[in-house]
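To start, the structure itself, in structure tokens.
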Amino acid sequence: TMIHYLTQHQRKELKVHLRKAMTSLKPPPKRSLSEWADLERRLDSQTSSQPGRWKSQSYQKGIMDSYSDPHVKEIVVMAGAQLGKSEILLNIIGMHMHLDPCPLLMLQPTVEMAQSFSKDRIANGLLRSTPCLQGKFKEARSRDANNTTMHKVFSGGGSLSLTGANSAAGLASRPIRVVLADEVDRMPTSAGSEGNPIQLARKRTATFFNRKIVSVSTPTNKNASAIEDAYDASDQRRFYVPCKHCNESQTIKWSHVRWFDNDPMTAAYCCDSCGAMWNDGERRWSIARGEWKANEEFKGIAGFHISGLYSPWASLSD
């Protein structure tokens, strides 16, 4: 009944506030991670050779959309160089900032690398170039515990902590829903005397039913690689591509790369089935039409293995 005593101007103001309040109560739109990235993510010239709107590569979509699958608790990505592994992690961070605030932990091999990633890839890259994320964080300040280089609180009740795998202190305390471990094979086997850094980070997710743990890395030496061990415990997905000439599905293998007269500039790919020689254009055509196929039973861990031969940004001669 009090609304009858309000002036016309006060009524207009009340309607504006009510409209804002109702908008804030709406649930976030349901989007897969790749849909969010293709719609919202932007790349800038300082951190990308191709600035502008993000466009998911075919193999990236499968990895990112497994993150949106509620049955997947852990994701392992064993991948070569120039395939956008870290960009996928940035997409996860950006999506949570925008639509699903929660506590996240980014784990880098060292504290120094975590600081560099925070400044260069997050603050000066992701946040500055993606419009929907601008204003989510305040500028990092040494006296503000909620907004530092290594710990940021964003709107909606979410937070992002960054630390190095060599820091036991950084792997303790706060509960975490999402753990993102970058370049796992470059991490020390133990955080001081506390034990395996990824296992320590995993313990912090125990209270979340919807937890996610994502480990990515370029592998080092066979049979002595942490990312290889993690991949072996997964459903071991590989990316199969069709031949443009015979349509036979296959994985791209280094043993099928051929070049002539000791000249790498003549490099081409030999089809596993019909023997046709693919140039770089045909290789990219095949990759754009590829799909992930699991080779083992799925038990909650989605594993992805892909080599640098799938990179759309590198030629076979490189």
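The values are calculated or read from the model by the stated rules, or taken from the named source; none is laboratory data. Note that this is a predicted model, so its numbers are computed, not measured. Every residue, glycine as well, gets a Cβ built from its backbone with ideal geometry; the counts of neighbours run over all protein chains shown. When the accessible area is computed, the model is the full protein with side chains, heavy atoms only, and any ligands, DNA or RNA have been set aside. Shrake-Rupley method; radii C 1.70, N 1.55, O 1.52, S 1.80 Å.
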Prolate/oblate/rounded call for region 25-117, Cα gyration tensor, a/c under 1.5 rounded: rounded
Partner lysines for residue 12 [C-alpha distance under 21 Å; skip if fewer than 8 residues away on the same chain]: 20
Protection proxy ranking of 154-165, 212-223 - average other beta-carbon atoms within 10 Å, highest first: 154-165, 212-223
Among 131, 75, 99 the positive-end extreme of the charge dipole of region 49-140 (Cβ point charges): 131
Region 177-318: relative contact order as a whole-number percent, Cα under 8 Å and 6+ apart: 24
Rounded accessible area per residue of region 33-181, 1.4 Å, Å²: 41
Violating pairs (Cα-Cα greater than 28 angstrom) within the set 30/212; 152/293; 85/119; 15/136; 136/293: 152/293; 136/293
Average Cα contact separation per residue, the chain, under 8 Å, 6 or more apart, as relative contact order %: 20
Unsatisfied cross-links (Cα-Cα over 21 Å) in the set 61/222; 61/203; 73/299; 222/244: 61/222; 61/203; 222/244
Using alpha carbons only: equivalent-ellipsoid semi-axes of the chain, gyration tensor based, whole Å: 40, 25, 19
Charged-residue dipole, Cβ positions (Lys, Arg, Asp, Glu), region 83-241 about Cα centre, Debye nearest 20: 480
Principal axis box of region 225-318, alpha-carbon based, largest edge first, Å: 46, 29, 21
Surface accessible to a 1.4 Å probe, residue 207 within the full protein complex, Å²: 110
Cα centre as origin, Lys/Arg/Asp/Glu Cβ charges: region 66-127 dipole, Debye: 80
Accessible carbon and sulfur surface of the chain relative to its total accessible area, %, 1.4 Å: 51
Sparsely packed chymotrypsin sites (Phe, Trp or Tyr not before Pro) within region 182-234, loop by DSSP, other Cβ within 10 Å at most 11: 209
Length gained when the stretch residue 115-residue 155 is fully extended (0.36 nm per residue, less Cα-Cα span): 12.2 nm
25 °C / 0.890 mPa s Stokes-Einstein diffusion coefficient of region 107-259, Kirkwood radius on C-alpha pairs, µm²/s: 136
For region 70-169: span of alpha carbons on each principal axis (Å, largest first): 38, 30, 26
Dipole magnitude of the chain, debye to nearest 20 (Cβ charges: Lys/Arg +1, Asp/Glu -1, about Cα centre): 1800
Measure of compaction for region 181-226 (Cα Rg per 2.2 N^0.38 Å): 1.27
Distance histogram for region 64-127 (every C-alpha pair counted, 10 angstrom bins, percent rounded to whole numbers): 17, 52, 29, 2
Antiparallel content of DSSP bridges confined to the chain, in %, to 5: 40
